[in-house]
Amino acid sequence: MSDHAETVLLERDGGVAVLTLNRPAVLNALDAPMAELFLARVKDIAARGDSRAILLKGAGKGFCAGGDVSQFLAGGDPAVTIPAIMEPLHEALLLLDRLPQPSVACLHGAVAGGGFSLALGCDLAVAAENARFAMAYSRLGTTPDLGGSFRLSRLVGLRKAKEIALLAEPFDAAEALRLGLVNRVVPNEQAEAEALALARRLAEGPTQAYGRVRHLLTEAAGHDLAAHLAAEERAFAESTATADFREGVAAFLEKRPARFGGE
């Protein structure tokens, strides 16, 4: 079990790596030490290679209220203080994107600013009924980070993305579900169990194939059809060379559930 004085916890639940943002007194607002620790935790997940899914959640009353605004002008020069928060998180997000493990966000309370963008970076999302979403950057006179402007229009379309980003109006979990920003909305007390169950289900799947599926879907917008068909053929060929493919075919022919090992 991790030391609860730490601002990002990493625990393991079987094949699930559980990352918890842990500054509950400030709604898990992101500061520079927290950003560095988040990167270190993601590097640990990558180096150990013993997880097959990732769950990202927040401690306390909210998922994440975004960047710690009190730190933005610390020292008087945002050009120094803000990159100290942003750059480790960007590195962590790039690493997470390259990993084969699918990720699930468990969202409750405040999901704002950088927390909103972190949530968009997960493959699937479960929201509690009390989750409240806001892409709050424009309220501070600034622009999105952590991949928010990259992912938002891919999920909701360009016109709606502009509305969300420019007006920065908050919306509830039901609206997030309607827009396709989350996959499920559940009662508050069930959110963590639901998200963990989903992550456990993914952890029992064909991990390498999941990674290729994730990359194909992400890369599709930048491909023409011919390039994407070629990418699909490469991914399919790579997948058929795995033990999980052999197990999946055998299970299909034997009419039994597949027992994937993630290899």
Is there a residue in segment 214-225 that is on the phi < 0 side of the Ramachandran plot and touching a Lys or Arg at 6+ places or on another chain (Cβ under 8 Å)?
-> yes
Residue list for segment 122-146, filter: more than 25 Å from Ser70 (Cβ to Cβ) and surrounded by fewer than 14 Cβ atoms within 10 Å (Cβ to Cβ) | none
Would it be correct to say that Ala84 is under 25 Å from Val26 (Cα atoms), out of contact with any strand residue (DSSP E or B) (no Cβ under 8 Å at 6 or more places or on another chain), among the aliphatic types (A, V, I, L, M) and not in a strand (DSSP E or B)?
-> yes
For segment 213-236, which residues satisfy the criterion of being touching a helix residue (DSSP H, G or I) at 6+ places or on another chain (Cβ under 7 Å) and free of Cβ contacts under 8 Å to residues at least 40 places away in the same chain?
-> Leu216, Glu219, Ala220, His223, His228, Ala231, Glu232, Ala235
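A short reminder: the numbers here are calculations on the coordinates, not readings from a lab. Quantities reported herein were computed from a predicted structural model and do not represent experimental measurements. Positions of Cβ are backbone-derived with ideal geometry, glycine not excepted, and every protein chain shown enters the neighbour counts.
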